[in-house]
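Working notes, beginning with the structure itself.
The values are calculated or read from the model by the stated rules, or taken from the named source; none is laboratory data. Note that the structure is predicted; figures quoted are calculated from it, not measured. Glycine gets a Cβ as well: all are built from the backbone with ideal geometry, and neighbour counts include every protein chain shown. Areas reflect the complete protein model, heavy atoms only, side chains present, ligands, DNA and RNA absent. Shrake-Rupley method; radii C 1.70, N 1.55, O 1.52, S 1.80 Å.
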Amino acid sequence: MRTLSGILRLSPRRSVLTLKDRFVRLAKSSHIPPRHDPGYNKAIRHRHAAILGICALVDSYPYTVEKWMPGLLTNVLAEHTYDPVRINAPTFGVLFPSWA
């Protein structure tokens, strides 16, 4: 996540917005089935990738609040605080940095 954040800091704004849209779309489209379902691990990987990408976007601007950031935090990232542990750990690290 830290490596992607560093790359995003140096990237043009339009590519950051493209990635934001991609990660949000992936997070919203990935439904996690019950554990015994054969597609469970794949769904977890997709959701985890989306959340890690969103966390990297937020971490890439540590001293500013971009126009898209409040909505991303409240409408997308906060929805995943009760996801399985592998997914919600980075979420808590971004939403509550002093607790992580």
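Counting only residues that are part of a loop (DSSP other than H, G, I, E, B) and either among the β-branched types (Val, Ile, Thr) or surrounded by 14 or more Cβ atoms within 10 Å (Cβ to Cβ) (or both), how many does segment 12-58 have?
Residues flagged as part of a loop (DSSP other than H, G, I, E, B) and either among the β-branched types (Val, Ile, Thr) or surrounded by 14 or more Cβ atoms within 10 Å (Cβ to Cβ) (or both) within segment 12-58 amount to 2.
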When both residues are 6+ apart or on different chains and their Cβ atoms are under 7 Å apart, which pairs have a first residue that lies in segment 9-34 and is free of Cβ contacts under 8 Å to residues at least 24 places away in the same chain, and a second that is of a type in the set (A, V, I, L, M)? Ser30/Ala43; Ser30/Ala50; His31/Ala43; Pro33/Ala43
Using the structure shown, decide if Ser5 is of a type in the set (S, T, N, Q) and in contact with a Leu (Cβ under 7 Å, 6 or more places away or on another chain). no
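Quick check on segment 59-83: of everything there that is part of a loop (DSSP other than H, G, I, E, B) and open to solvent by 50 Å² or more (accessible area, probe 1.4 Å), which residue is modelled with the lowest pLDDT?
From segment 59-83, those part of a loop (DSSP other than H, G, I, E, B) are 60-68, 81-83; that's our starting set.
Right, trim to open to solvent by 50 Å² or more (accessible area, probe 1.4 Å) and you get 62-65, 67, 82.
Working: Pro62: 82, Tyr63: 85, Thr64: 87, Val65: 89, Lys67: 92, Tyr82: 77.
Top of the filtered list is Tyr82.
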Within segment 23-48, count every residue that is under 17 Å from Thr3 (Cβ atoms) and either modelled with pLDDT under 90 or more than 16 Å from the chain's Cα centre (by Cα) (or both). 1
